[in-house]
1. Pairs only if they're at least six apart or on different chains, beta carbon under 9 angstrom, first in the range 59-81 and among the charged types (D, E, K, R), second loosely packed, with under 10 Cβ neighbours inside 10 Å; list them, first residue then second.
2. Pick out the one residue from ALA55, ALA36 that is surrounded by 14 or more Cβ atoms within 10 Å (Cβ to Cβ) and either part of a helix (DSSP H, G or I) or not β-branched (Val, Ile, Thr) (or both).
Amino acid sequence: MSDEQEHAALLKALQKAVLRERKDVMALSESPRARALREFESTNCPVEGCGAAKARGQSFCSRCYFSLPKEMRDSIYKRFGSGYEEAHEDARDFLEQERRAKS
Ligand SMILES: [Zn+2]
């Protein structure tokens, strides 16, 4: 590899790393409300390690949804700004912990 090629490869790797970092920072700085809304609009289950298809406007894929305890299932029907964000986050945490415990 010539110096020039090496330099170009290095630069590319660096740019990739910067982009990755920026993504992480953006995810960290996202408000619970923005995150809940983004996940609500998404067509993939937001549970880490799941990612199954879900309908837009649903919180989770049906499999995750039905593995929630009943009171959590009921609580994600709260409205945005009236407890939905917190309920959604609690439910996601619960599902991710369940997943981790199984694997
Ligand atoms: Zn899921």
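1. Hits for this filter: ARG73/PHE66.
2. Numbers: ALA55 fails: surrounded by 14 or more Cβ atoms within 10 Å (Cβ to Cβ).
Step by step, each of ALA55, ALA36 is checked, and only ALA36 is surrounded by 14 or more Cβ atoms within 10 Å (Cβ to Cβ) and either part of a helix (DSSP H, G or I) or not β-branched (Val, Ile, Thr) (or both).
Bear in mind these aren't lab numbers, they're just calculated from the coordinates by the rules spelled out. Everything numeric in this text was worked out from a predicted model, so none of it was measured. Neighbour counts are summed over all protein chains in view; Cβ atoms, including those assigned to glycine, are modelled from backbone coordinates with ideal geometry.
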